């Protein structure tokens, strides 16, 4: 079931603009069957795949940021079979950054939300530390 709201799409488009300006890549929205949000191209060449999240807090509020283990596995699989990269891009209230995700995946726990009473909302989550994140304005 697709759960993207209009505000999610607006946030994704903001990330696309930031990535285009910062890393000079074009992001193309992928069909739902691909699991991750975007394919990234530079000069017409596939550079990788990306998942984007918007966090409504300061980057310093939590020691990690979480992402569905299933999304990570699919993103890394796509990157491996195309010899590219899988990046996880995050926009916080006060920062924008990304990290290239690769196997092995450590720090996995069961979690999610119970707000929608949907059993698919609780799953294994990867806790991603900020070590290795590249932040806009630092390079």
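Summary table
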quantity	calculated
Number of the exception - residue 66 against (1) in contact with a helix residue (DSSP H, G or I) (Cβ under 8 Å, 6 or more places away or on another chain); (2) outside any helix (DSSP H, G or I)	(1)
Given (1) under 21 Å from residue 10 (Cβ atoms); (2) not in a helix (DSSP H, G or I), number of the condition residue 124 does not satisfy	(1)
Tally, over region 78-107, of residues that are surrounded by 14 or more Cβ atoms within 10 Å (Cβ to Cβ), over 21 Å from residue 30 (Cα atoms) and in contact with a helix residue (DSSP H, G or I) (Cβ under 8 Å, 6 or more places away or on another chain)	2
Sole residue being more than 18 Å from residue 19 (Cα to Cα), assigned to a loop (DSSP other than H, G, I, E, B) and either over 12 Å from the mean Cα position of the chain (by Cα) or at pLDDT 95 or above (or both), chosen from 77, 116	116
Given (1) in a loop (DSSP other than H, G, I, E, B); (2) at pLDDT below 95, index of the condition residue 36 fails	(2)
Residue 46 vs. criteria out of contact with any strand residue (DSSP E or B) (no Cβ under 8 Å at 6 or more places or on another chain) and not in a loop (DSSP other than H, G, I, E, B)	no
Flag if residue 16 is over 15 Å from residue 100 (Cα atoms), part of a helix (DSSP H, G or I) and touching a strand residue (DSSP E or B) at 6+ places or on another chain (Cβ under 7 Å)	yes
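The values are calculated or read from the model by the stated rules, or taken from the named source; none is laboratory data. From a predicted model like this one, the values you see are computed outputs, not experimental measurements. Positions of Cβ are generated from backbone atoms using ideal geometry, with glycine treated the same way; all protein chains shown enter the neighbour counts.
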